[in-house]
Amino acid sequence: MEPVPNQPFSYEPFPTSGVVAYFSMEIAIQPAMPTYSGGLGVLAGDTLRSAADLGVPLVAFTLAHRKGYFQQHLDGTGDQTEDVQPWNPTDFCTEEAVRVTVSVEDRVVTVRAWRYDLQGRSGHIVPIYLLDTDLDENFGWDRGLTDYLYGGDTNYRLQQEIVLGMGGARMANALGLRVNVYHMNEGHAALLTQALLESQLAGGHPGTVTDADIEQVRRKCVFTTHTPVPAGHDRFSSEQSIRILGGERTARIERLGCFENGLLNMTLLALRFSRYANGVAMQHGKVSRDMFPEYAVDSITNGVHAPTWVSEPFQQMLDTHLPAWRRDNLYLRNAIDLPDAEIINAHARAKETLLSEVASRTGLVLNPNVLTLGFARRAATYKRASLLLTQPERLLEIATRAGGLQILFAGKAHPQDSPGKSLIRHVIETAGNLSNDMLRIVYLENYAWDLGALLTAGVDVWVNTPRRPYEASGTSGMKAALNGVPSLSILDGWWIEGCIEGVTGWAIEDGANDEQEANALYAKLEKAVVPLYLDAKEKWARLMRTTLAFNGSYFNTNRMVKQYTRNAYYPAQMVERAQVEEPIYTR
Ligand SMILES: *Cc1c(COP(=O)(O)O)cnc(C)c1O
C-alpha cells in the first residue's frame with residue numbers, strides 16, 4: 001500500500017493546559033548520569049534545558065540505562081576496551097508509584113518510572129521520566145531491558161523500543177498527564193503511535209482501522225528524523241516483529257504501509273502517524289524528502305544550549321557586555337561589538353583550562369601559544385578522523401610554517417564497530433609516528449560531556465571532515481562557535497548554513513574522493529588558517545567575534561525550541577508538502 005501523504009488537519013489553538021511529551025532513546029541530563037552516547041542525547045538534553053528556560057510545558061520520556069553508556073579505555077596501541085558505567089537512579093531521581101505493563105514476545109513486562117526534575121533559569125521544571133523494568137515481578141531477561149543504551153542485538157533493541165514507545169505512552173497516561181503533542185525524537189519511539197492507536201480502538205471497533213482512527217493519532221504526533229541515509233534507519237525483520245510485537249499488530253502495521261522491502265521501518269511508522277515531521281538541518285530536510293517523497297518533511301536546524309556550552313571566561317565576558325544573552329540568545333548578535341582584547345583573553349583562559357586537563361590526563365605539556373586544532377566525535381568511519389593525517393610531510397610543513405601545530409583527537413567507537421575501532425588505532429599509531437617538536441598529536445580517552453565542553457571552548461579551530469551527506473547536522477561545531485571558535489569543515493549538515501568563508505570559519509571544498517578532499521583540507525590550512533593565525537592578533541579576534549555573533553546567535557536551542565513550539569507543537573499553520581521551501585543555496 002502506498003503511504004498516504006500528509007492530510008490537512010484541524011489544530012488546536014495555543015493551549016492553556018496540557019503538555020508536550022518528548023520521547024528520546026537517550027538524553028544527556030547531566031554529566032554524572034551516563035544515560036547518553038553522543039549527539040542525539042546531547043541534543044535531547046539541550047532541547048529540554050532550553051524548554052525549561054523558556055517555560056514550555058513539556059515532559060520527557062527515556063530509558064534508565066542502568067548500566068550506562070560505556071567508559072572507554074585505550075591502550076598504547078590504540079586498542080579500545082569498554083567498561084560498563086552502572087549508576088543508581090535513587091541518587092538523582094524520585095521513584096513514581098504507578099506501574100504500567102507492555103507485552104514483549106508473549107510476556108507481560110512491568111515498567112516503572114524515575115522522575116528527574118530539570119529546572120530552567122526561571123524556575124520552570126521539565127520532568128524527565130526514566131523508564132525501568134528492573135522489578136521483582138519481571139522475568140530475569142526482562143529486568144535487563146532498560147540496562148544498555150545501544151547494547152545487544154536487534155531483538156533487544158526492538159524490545160527496548162516497546163518499553164520506550166508503548167511503555168512511555170502508557171506511563172504518561174497513568175501519571176495523569178494531559179498530553180497535547182507526542183514528539184518522537186528519532187524513530188526509536190515510533191511504537192508510541194501504536195499504543196495511542198490501540199487505546200483508541202479499544203473504545204470502538206477493534207480489528208479494523210479507519211482513516212478517522214489514524215487521524216486521531218496523527219493530530220497528536222510530531223516526528224524528528226536524524227538519519228540522512230537509508231541504512232541508518234531503524235529496521236526489523238517481519239519474523240522479529242511477529243515474534244516480539246505480535247502477529248496481529250505486525251499485520252496491521254504492514255497493512256498501513258510501514259514495511260519497506262519486507263522490513264518494519266520505524267521512520268516510515270513515525271512518518272505515517274505524524275502530522276508534522278522535520279529534519280535537523282536545511283540540507284537534511286531535503287535529503288529526507290528525497291528519501292520519503294510522499295511526506296512533507298520540514299527542516300528545523302539543530303542548536304545547542306548556550307549556557308551549558310559557553311566556557312566560564314566567555315560567560316563572564318558576555319554577562320558584562322550582553323547581559324540579556326542568557327534569556328534570549330538572539331542578543332549574541334551584538335557580540336560583533338566585543339573588544340578584541342577581552343575576546344583574546346577569554347579564549348586564552350579557556351585554552352589554558354583545556355591544556356591543563358590534557359597535561360593531567362596524559363602528562364604532555366602543550367604550548368598555549370601554538371595553533372591548536374580539535375577533532376572529537378564518534379569514531380565512525382564516515383567522519384574520517386584520519387583525513388587530516390593522510391599526507392604526513394605536508395602536515396609537518398604546515399606545522400613548521402605555523403611555528404608549531406597541536407592536534408587534539410577524541411572519540412569512542414561503538415563496541416561492535418570494528419572499522420571504527422581500527423580507525424582509532426590508525427590515528428593513534430600515525431600520531432605516534434608523526435609527533436615531534438613542531439607537531440604534537442594527542443588522542444584523548446573517553447570523549448564525553450566534560451571533555452567535549454573543554455575541547456570546543458579551548459582549541460583554536462574546530463575541524464570536521466564527514467563524507468557528504470552523512471552528517472545530518474552535527475552540533476559540536478555550534479558549541480565551538482558559541483565560544484568564538486571557528487570551524488574548518490566539509491560543507492555538510494549545519495555547516496552548509498553556518499559557513500561564511502573567512503568570517504565564521506572555512507569550507508573544505510568538495511572533492512571526488514578522500515584524496516581530493518584531504519588536498520582541499522591542507523590547502524585551506526596553508527592558504528587561510530595558518531596565515532591568519534600568524535597575522536596580527538586583532539584579525540583573529542575579529543574572526544572569533546563574527547563567529548560568535550553570526551553563529552552563536554542562531555545555532556542554539558533557545559531559537560530551535562521556539563521553532564519547534566510554533567512550527568511543530570502548536571503551529572499557526574499546517575506545513576504542506578508543496579509549501580516546504582527548498583533551500584535556495586547551491587553549495
Ligand atoms: C556535542 C557532542 C556530540 C555531538 O557532536 P557532533 O558534532 O555531532 O559530533 C557528541 N558527543 C559529545 C560528548 C558531545 O558533547
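The values are calculated or read from the model by the stated rules, or taken from the named source; none is laboratory data. Model, not experiment: these values are computed from the prediction. Backbone-built Cβ (ideal geometry, glycine too); neighbour counts: all protein chains shown.
General remarks:
- Being in the same structural domain as residue 126 (by TED's automatic domain parsing) and free of Cβ contacts under 8 Å to residues at least 60 places away in the same chain holds for only one residue in 257, 167, 187, 247, and it is 247.
- Candidates are the residues of the stretch 302-325 that are within 23 Å of residue 41 (Cβ to Cβ) and of a type in the set (S, T, N, Q); the one that is surrounded by the fewest Cβ atoms within 10 Å (Cβ to Cβ) is 308.
- The set of residues from the stretch 46-72 being within 13 Å of residue 130 (Cβ to Cβ) and within 16 Å of the ligand (Cβ to nearest atom) comprises 48, 65, 68.
- The stretch 247-269, residues that are small (Gly, Ala, Ser) and buried (at least 16 other Cβ atoms within 10 Å of the Cβ): 257
- Residue 87, sole failed condition from (1) more than 16 Å from the ligand (Cβ to nearest atom); (2) part of a helix (DSSP H, G or I); (3) surrounded by 15 or more Cβ atoms within 10 Å (Cβ to Cβ): (2)
So that you can scan it fast, the table gives a plain yes or no per residue for (1) surrounded by fewer than 23 Cβ atoms within 10 Å (Cβ to Cβ); (2) within 15 Å of the ligand (Cβ to nearest atom); (3) among the β-branched types (Val, Ile, Thr):
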residue: 474; (1), (2), (3): no, yes, no
residue: 485; (1), (2), (3): no, yes, yes
residue: 488; (1), (2), (3): no, yes, no
residue: 517; (1), (2), (3): yes, no, no
residue: 551; (1), (2), (3): no, yes, no
residue: 561; (1), (2), (3): no, no, yes
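- Residues in the stretch 371-401 that are away from the ligand (no atom under 16 Å from the Cβ) and among the β-branched types (Val, Ile, Thr): 372, 390, 398, 400.
- Residue in the stretch 462-471 that is touching a helix residue (DSSP H, G or I) at 6+ places or on another chain (Cβ under 9 Å), more than 16 Å from the ligand (Cβ to nearest atom) and at pLDDT 95 or above present: no
- Selection count, the stretch 261-271, where residues are of a type outside the set (S, T, N, Q) and farther than 24 Å from residue 473 by Cβ: 3
- Test: residue in the stretch 419-438 that is over 13 Å from residue 376 (Cβ atoms) and within 15 Å of the ligand (Cβ to nearest atom): yes
- In the stretch 454-465, the residues that are assigned by TED's automatic domain parsing to the domain that holds residue 367 and of a type in the set (D, E, K, R) form Cβ pairs under 6 Å with partners that are modelled with pLDDT of 95 or more and away from the ligand (no atom under 11 Å from the Cβ), at six or more places apart or across chains, as follows: 460/371; 460/372.
- Residues satisfying the stated conditions in the stretch 15-33, i.e. in a loop (DSSP other than H, G, I, E, B), touching a residue at least 12 places away in the same chain (Cβ under 8 Å), farther than 20 Å from residue 266 by Cβ and more than 11 Å from the ligand (Cβ to nearest atom): 15, 17, 18, 29, 30, 32, 33
- Residue 108 being at negative phi, surrounded by fewer than 16 Cβ atoms within 10 Å (Cβ to Cβ) and part of a strand (DSSP E or B): yes
- Of everything in the stretch 490-506 that is within 16 Å of the ligand (Cβ to nearest atom) and more than 19 Å from the chain's Cα centre (by Cα), the residue that is nearest to residue 314 (Cα to Cα) is 504.
- Residue count for the stretch 451-461, restricted to those that are more than 22 Å from residue 78 (Cβ to Cβ) and either near the ligand (Cβ under 10 Å from one of its atoms) or touching a strand residue (DSSP E or B) at 6+ places or on another chain (Cβ under 8 Å) (or both): 5
- Contacts under 6 angstrom Cβ, first residue in the stretch 388-400 being touching a residue at least 12 places away in the same chain (Cβ under 8 Å), partner surrounded by 19 or more Cβ atoms within 10 Å (Cβ to Cβ) and of a type in the set (Gly, Ala, Ser), 6 or more apart: 390/518
- Options 146, 101, 110: the member that is under 21 Å from the mean Cα position of the chain (by Cα), in the same structural domain as residue 89 (by TED's automatic domain parsing) and of a type in the set (Ser, Thr, Tyr): 146
- Tabulated pairs, the stretch 92-105, first more than 14 Å from residue 170 (Cα to Cα), second among the aliphatic types (A, V, I, L, M), C-beta under 7 angstrom, 6+ apart or interchain: 92/33; 93/130; 104/162; 104/244; 105/244
- Residue match in the stretch 60-69 (condition: modelled with pLDDT of 95 or more, of a type in the set (A, V, I, L, M), assigned to a strand (DSSP E or B) and over 19 Å from the mean Cα position of the chain (by Cα)): no
- Some residue of the stretch 320-337 being aliphatic (A, V, I, L, M), in a loop (DSSP other than H, G, I, E, B) and either under 23 Å from residue 529 (Cβ atoms) or in the same structural domain as residue 491 (by TED's automatic domain parsing) (or both): yes
- Residue in the stretch 411-430 that is at pLDDT 95 or above, closer than 27 Å to residue 313 by Cα, in contact with a strand residue (DSSP E or B) (Cβ under 9 Å, 6 or more places away or on another chain) and not in a helix (DSSP H, G or I) present: yes
- Complete set of residues in the stretch 349-365 that are surrounded by fewer than 14 Cβ atoms within 10 Å (Cβ to Cβ) and in a helix (DSSP H, G or I): 352, 359, 360, 361, 362
- Selection within the stretch 35-44 - assigned to a loop (DSSP other than H, G, I, E, B) and either surrounded by fewer than 22 Cβ atoms within 10 Å (Cβ to Cβ) or within 10 Å of the ligand (Cβ to nearest atom) (or both): 36, 37, 38
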